[in-house]
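**Q** Got a structure for you, questions after.
The values are calculated or read from the model by the stated rules, or taken from the named source; none is laboratory data. None of these values were measured; they are calculated from a predicted model. Cβ sites come from the backbone with ideal geometry, for glycine too, and all protein chains shown count toward neighbours. Protein only, heavy atoms only, side chains kept; ligands, DNA and RNA dropped before computing areas. Shrake-Rupley method; radii C 1.70, N 1.55, O 1.52, S 1.80 Å.
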Amino acid sequence: MQDRSSPVLPSAIREGRALQFFDEVRIRYALRELIQMSLVTQDESADSYSMHPLVHRWVQERPEMSTSEQAVWSQAAATTLAHSILLPPLGESEADEIFRRDILPHIDHVRSCLAAINDKITENRKGRWYGLVQWPGAGSRFGRDNAILYAKFSIVFAQNGRWDDAESLQLAVKQYADNILGLEHPITRRITLALALTYWNQGRGDEAADLQDAVLQACMASLGPNSHETLMSMDLLGQGRWQQGRYSEARMLQQHAVEGLIKIRGPRHEDTLSVMGNLGRTLMKFYENPDEAKRLLSQAYDGLSELLGPTHLKSLVMKEELALVILQMEEEPSLAATMIEEVLVSRKEKLGKEHPYSLLAMVNLARANIAMGQFKEAESLVRWGLEVADRNLSHKHIGTLMGRTVLGVILTRQSRFDEAEDTLLGVIENLRNFSSFRGDFHPDRLGAMIELAKCYKLQGRVNDSIRLCDETIEGLSKISLKEHPLEKMMKRLKLELIGMKNNDRKREAINT
């Protein structure tokens, strides 16, 4: 039942694939012929070729080409595009990142062509039978070549923040791999982890963690606890756990992964450095041992910058997290702001100014501006980012809601308490039923509740602030196996509020 036909490719590429030889001379000769006929133009500086849109439209739709021929050539274009994309662990250089950015519109175009041609073929097939008999078409079964094409296209979509598109392709590949190979096979585990990362970026932490946990258990059963793949799966599950608010478990998993990778890969390996930085981020989220978090993130950033370059996407993640640790330690907010601004500039250049990770850098730059008292600049950044996030991600996406929490903080600092309250209450309500292991106690929801408690305190609404302190203390107690640092802070705030309340009663009694 499997599709055993050869992949749809131009003969020059197909023959080269069969012979394990790419005939570059033949391709160059063909390109020269096309240039002489003014069908394509050459950019000699980049050794690239392009076609004018009108010529492209003529080639695509010229009258003598039948629908079936259009289908063949559209599929050939899709397959050729897929051949140019490398699957991990290959294709990790900055040049590959730029290529995956530039190839996105070509993938969108060829997929739209394939969809339109498929609809036309379906309509033609129905018309042959005058609507009286619905014969099933031969169609094309989903096979190995389709799976590879989908997997490669999903990498491009994921890097460019098109997570819904990536998810639809990854789900198809995962279902195929599950049926043919099972989770015991490394290919199935890789696509499962890719899908989990997509869920993670969509804010679907529980679904991501479930997939990551299943992969880790499969690795433990077949490879043992100390293999490279097992240790990397531990780190990924650790990232899922901290998004769920299960910081103690996340830290334990990532600590074991770091120690294991140092033993088998050494401290300067790319994977070791990445996992080291992820552990530092978890420690920062837990507000525990900021000095250790800073050390780990500094080591990860320096190492990845040396191996991959300072503007590689992985390096930028570590640089951003390092800046956030500096902010958390209240050391040098201006240095943190400079670092995050450099991350923002690089992400805009490599990913685009509306990419979710660019928006994340904007929000983090706003946090640095808050620390420096630059509230107008911070508000301008956040409001522009929220306008884009509402349009591209939806107003209920976890990243959008995080941005609104930061906006609530800005409004509170400006004494615009009514606006701050409305903003923070909206975040709290939207996160109430958000997918989370902790239910009502999603960590981002607790963060918004903490900020609202501070807002109430500044307004003198002591009872409302105490009520929120009690709710957050209860929630924070469920996040960690031991007392969370923020729980200690909220207990101190509650005592302060109780003191304010008692003083108000004394003043009332004296006045009476």
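**Q** If you place +1 on the Cβ of every Lys and Arg, -1 on the Cβ of every Asp and Glu, and leave all else neutral, what size is the dipole of the chain about its Cα centre, to the nearest 20 Debye? Show your work: numbers first, answer last.
**A** Details: 64 positive and 70 negative charges, 178 e Å.
Value, rounded to 20: 860 debye.
**Q** Using amide H atoms built 1.01 Å from N in the peptide plane, name the residues 5+ places from TYR49, or on other chains, whose amide H lies under 5 Å from its own.
**A** Here the answer is ASP43, since their amide H atoms fall under 5 Å of that of TYR49.
**Q** If Lys and Arg each add +1 and Asp and Glu each add -1, what is the summed charge of the other residues whose beta carbon sits under 11 Å from the beta carbon of CYS455? Present the calculation step by step, with values, prior to reporting the outcome.
**A** Details: positive: ARG413, ARG416, LYS454, LYS457, ARG461; negative: ASP418, GLU419, GLU421, ASP422, GLU451, ASP464.
After counting each charged neighbour, the total is -1.
**Q** Residue by residue through the range 369-383, what is 3J(HN,Hα) from phi via Karplus (6.51 cos²θ - 1.76 cosθ + 1.60, θ = phi - 60°)? Round to whole Hz and write x for glycine and proline.
**A** Result, ordered by residue: 5, 4, 4, 8, x, 9, 6, 5, 5, 5, 5, 4, 4, 5, 5 Hz.
**Q** Next question, about the same structure. Which trypsin sites (Lys or Arg not before Pro) in the range 214-318 sit in a loop by DSSP (not H, G, I, E or B) and have at most 14 other Cβ atoms within 10 Å of their own Cβ? Provide the component values of the computation, followed by the final result.
**A** Numbers: sites: ARG241, ARG246, ARG251, LYS263, ARG265, ARG268, ARG281, LYS285, LYS294, ARG295, LYS314; in loops: ARG246, ARG268.
Filter output for the range 214-318: ARG268.
**Q** Quick one: putting +1 on the C-beta of Lys and Arg, -1 on the C-beta of Asp and Glu, what dipole do you get for the range 309-464 around its Cα centre, in Debye to the nearest 20? Each step should come with its number before you reach the end.
**A** Numbers: 20 positive and 22 negative charges, 55 e Å.
Computed about the Cα centre, the dipole is about 260 debye.
**Q** Please list GLU123, GLU419 from largest to smallest accessible area, probe radius 1.4 Å, with all protein chains kept in place.
**A** Numbers: GLU123 110, GLU419 80 Å².
From most exposed to least exposed: GLU123, GLU419.
**Q** I would also like to ask the following. Treat every Asp and Glu Cβ in the range 30-114 as -1 and every Lys and Arg Cβ as +1, leave all other atoms uncharged, and give the resulting dipole magnitude about the Cα centre to the nearest 20 debye. Intermediate values should be presented prior to the final figure.
**A** On the way: 6 positive and 13 negative charges, 68 e Å.
That gives the range 30-114 a dipole magnitude of about 320 debye.
**Q** Which ³J(HN,Hα) values in Hz, rounded to whole numbers, follow from the phi angles of the range 188-197 under the Karplus curve 6.51 cos²θ - 1.76 cosθ + 1.60, where θ = phi - 60° and Gly and Pro get x?
**A** Values per residue, Gly and Pro as x: 5, 5, 5, 5, 5, 5, 4, 5, 4, 5 Hz.
**Q** Tell me, which longest segment in the chain has none of the chymotrypsin sites (Phe, Trp or Tyr not before Pro) that fall in DSSP loops with at most 11 further Cβ atoms within 10 Å? Before the final figure, lay out the partial values.
**A** On the way: sites that count: PHE21, TRP129, TYR130.
That would be 131-512.
**Q** Rounded to the nearest whole Å², what accessible area per residue is found for the chain with the 1.4 Å probe? The partial results should precede the final answer.
**A** On the way: 26520 Å² over 512 residues.
For the chain, the per-residue accessible area is 52 Å².
**Q** Can you compute 3J(HN,Hα) from phi for each residue in the range 494-503, using the Karplus curve 6.51 cos²θ - 1.76 cosθ + 1.60 with θ = phi - 60°, rounded to whole Hz and x for Gly and Pro?
**A** 5, 4, 5, 5, 4, x, 4, 5, 5, 5
**Q** Looking at PRO310, ILE510, VAL25, which one has the Cα that reaches farthest to the positive end of the dipole of the chain (charges on Cβ: Lys, Arg +1; Asp, Glu -1)?
**A** Looking along the dipole axis, the top candidate is ILE510.
**Q** Counting only protein heavy atoms and a 1.4 Å probe, tell me what percentage of the chain's accessible area is made up of carbon and sulfur. Please report the intermediate quantities before stating the final value.
**A** Numbers: 14510 of 26520 Å².
Within the chain, the accessible surface is 55 percent carbon and sulfur.
**Q** Could you pull the accessible area for VAL72 with a 1.4 Å probe, rounded to 10 Å²?
**A** Counting only protein heavy atoms, the figure is 80 Å².
**Q** Just by accessible area at a 1.4 angstrom probe, what is the order of HIS83, HIS312, HIS228 from largest to smallest?
**A** Values: HIS83 85, HIS312 5, HIS228 50 Å².
Solvent-accessible surface, decreasing: HIS83, HIS228, HIS312.
**Q** When the helix-only estimate is applied to the chain (DSSP H runs of n ≥ 4, each -39,500 (n - 2.57), divided by the residue count), what is the mean residue ellipticity at 222 nm, nearest 500 deg cm²/dmol?
**A** Values: 23 runs with 383 residues, N = 512.
Here the helix-only value at 222 nm equals -25000 deg cm²/dmol.
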